[in-house]
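Written below as structure tokens is the structure these notes are about.
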Ligand code: NCD
């Protein structure tokens, strides 16, 4: 059971809640496949509302709800009254009147998902809001680390690249602080927020120093859609300085794993062959863990409802 009505940020979860989400997700792996033994969301309605492009997150929430037996509706925003000028709050009131049991929302503005959650009765899951938070991504990253490394504490973690525009970085920082792990952020000065050390992370501006002895390397995309100017000189130079390749990997622990939330830009933030090297890269495992985590969250947020049915 989770304490809050919604899942809006990692910050609002306790360490115990994080661990129970992970353990519950782990229960969905059967013979190395993800399955639901019981359709616990039978006849409940889940509406997905994606105001920003998404491939893996939206599809994974859709499959997660479907496997659990929910009626999953993808709200068609391109054809909706949003394009006719309806406000977010009017849309929230409309959705609320349809009595869904759960809403999954992605929005380009930080805080917009919370705004909607305050106007609706059902639980809301934040599937990414601006550069604020992406809680389910951080949770699926933890599950992947647990499955691959066998523990989620006592780890050195490096988050590399465009930290400034990344909700994935923020949610992971909050998550790993709660678990007591050492977190480093590595990137050019222009892509690291000035006061990020207040979050309790170490800042490095070069990969050689930052990657030394780490257990986990998280690589981030240059999120150009959120950039309003020149943050780096060229993609070629960026790859040379910050792109993860075999040469830079040598500074991390020999057992270090490589993670990337996707979508990945090969040859910019990561070397394509390295991304495909399954001895080190767990990028496809992350996608699979994402399904289990989203099933776990849908179930835990709807626990009371399920028990009262
Ligand atoms: C991330 C996102 O949308 O924040 N992607 C994802 O959810 N898998 C990262 C990104 O877009 O680079």
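The values are calculated or read from the model by the stated rules, or taken from the named source; none is laboratory data. Because the structure is a prediction, the values reported are computed rather than measured. Methodologically, a virtual Cβ is constructed for each residue, glycine included, from the backbone with ideal geometry; neighbour enumeration extends over all protein chains shown.
List of remarks:
- Hits in the stretch 24-59 - residues which are within 16 Å of the ligand (Cβ to nearest atom), touching a residue at least 60 places away in the same chain (Cβ under 8 Å) and not in a strand (DSSP E or B): 51, 52, 54, 55, 56, 57, 58
- Taken together, the criteria place residue 262 among residues that are surrounded by 14 or more Cβ atoms within 10 Å (Cβ to Cβ), at positive phi and at pLDDT 95 or above.
- Restricted to helices (runs of 4 or more DSSP H) entirely inside the stretch 106-187, those with at least 2 residues that are assigned by TED's automatic domain parsing to the domain that holds residue 221, out of contact with any helix residue (DSSP H, G or I) (no Cβ under 8 Å at 6 or more places or on another chain) and away from the ligand (no atom under 11 Å from the Cβ) are 135-149.
- Subset of the stretch 221-237 that is within 24 Å of the chain's Cα centre (by Cα) and part of a helix (DSSP H, G or I) - its residue that is farthest from residue 266 (Cα to Cα): 226
- A single entry from 297, 268 fulfils the requirement of being in the same structural domain as residue 23 (by TED's automatic domain parsing) and within 16 Å of the ligand (Cβ to nearest atom): 297.
- Selection status of residue 62, within 16 Å of the ligand (Cβ to nearest atom), in a helix (DSSP H, G or I), out of contact with any helix residue (DSSP H, G or I) (no Cβ under 6 Å at 6 or more places or on another chain) and not assigned by TED's automatic domain parsing to the domain that holds residue 169: yes
- You will find that of 253, 248, the residue that is assigned to a loop (DSSP other than H, G, I, E, B) and modelled with pLDDT of 95 or more is 253 and no other.
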